[in-house]
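Taking it in order: structure first as structure tokens, then the write-up.
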Amino acid sequence: MLTPQGLKGKQYRITGNSYPRLGRPPKKSRKVFALIGALLALALIGLGGVQLWDIFSGKGKNASAEACATPSGKPLAAPATEAPPTVPGSAAAPIDPAAVPQPAAVTVNVYNATAKAGLAARTAEELKKRGFTIGKVGNAPAELDKKVPGTAQVIAGPAGAGASTLVGSVIAGATSTADARTDGTVDFVIGDSYNALLDETQAAAALALATKPVPAPSSTGSC
């Protein structure tokens, strides 16, 4: 006894030269296959239509921007260009090297805001050896006396921006303050952490860093 495929579970005895006729696959299976084929065809047609729409509408041009988007959908910001670090004591950093005068052209007022006697006079003497012109020397005014916790505070007006950068380069850890004075003088106010001026090699390196040009931002990049 045999049960050939397509005979719906019926068993037949094969005798002689006659064989049972195989029936067609069930109609239900044919309908399922046809439905799946139709869905696949519709999906391919829809995908092709979307791609054509992107091409003709210009949305394909934004593909690179979308690829660089964050998970929230917002484009990634352009990489920030790192600016040279600010040199303490400079009125504006970085500054045009041409705006920095020679030490002899800079008048420096030296004030002592600490409790250490004679510090202003000794510092003024050191600055004079560096070529600076020394102006007033004495104790700091009341608004600054015992109120400069760092090494020094360099004060200048708009006209003394370059001079302030030069003076600030001779002392590490100084802060810079601008006021409304109209001349190019610079106040060097000694703070509690002051020990000594930088040596000439260190001061030259600090000045070079303060006058280093800022590189132009790059418009190219990848995500």
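Some observations on this one:
- For segment 112-173: rounded, prolate or oblate by the Cα gyration tensor [a/c cutoff 1.5]: oblate
- Among residues other than PRO158 with Cβ under 10 Å from its Cβ, the summed charge is 0 (Lys and Arg +1, Asp and Glu -1).
- Estimated from the Cβ-Cβ distance and a Förster radius of 22 angstrom, the FRET efficiency linking LEU198 and ALA142 is about 0.15.
- For segment 109-223, the spread of Cα positions along each principal axis, largest first, Å: 59, 32, 27
- In the complete set of protein chains, residue-level accessible area for ILE171 is approximately 10 Å², probe 1.4 angstrom.
- In loop segments of segment 114-223 as defined by DSSP, the GluC sites (Glu not before Pro) with at most 13 further C-beta atoms inside 10 Å of their C-beta are GLU143.
- Distance in nm between pseudo-label sites at PHE33 and ASP183 (7 Å out along the Cβ direction from Cα): 10.4
- Among 106-114, 160-168, the order from most to least packed when residues are scored by Cβ within 10 Å on average: 160-168, 106-114
- Sequence-distant residues sharing a close amide H with LEU198 (under 5 Å, placed H): ILE171, ALA172
- By accessible area, using a 1.4 Å probe on protein heavy atoms only, segment 94-155 has 55% of its surface on carbon and sulfur.
The values are calculated or read from the model by the stated rules, or taken from the named source; none is laboratory data. Note that this is a predicted model, so its numbers are computed, not measured. Ideal geometry is used to build each Cβ from the backbone, glycine not excepted, and the neighbour counts take in all protein chains shown. Side chains are part of the model used for accessible areas, which takes the heavy atoms of the whole protein and leaves out ligands, DNA and RNA. Shrake-Rupley method; radii C 1.70, N 1.55, O 1.52, S 1.80 Å.
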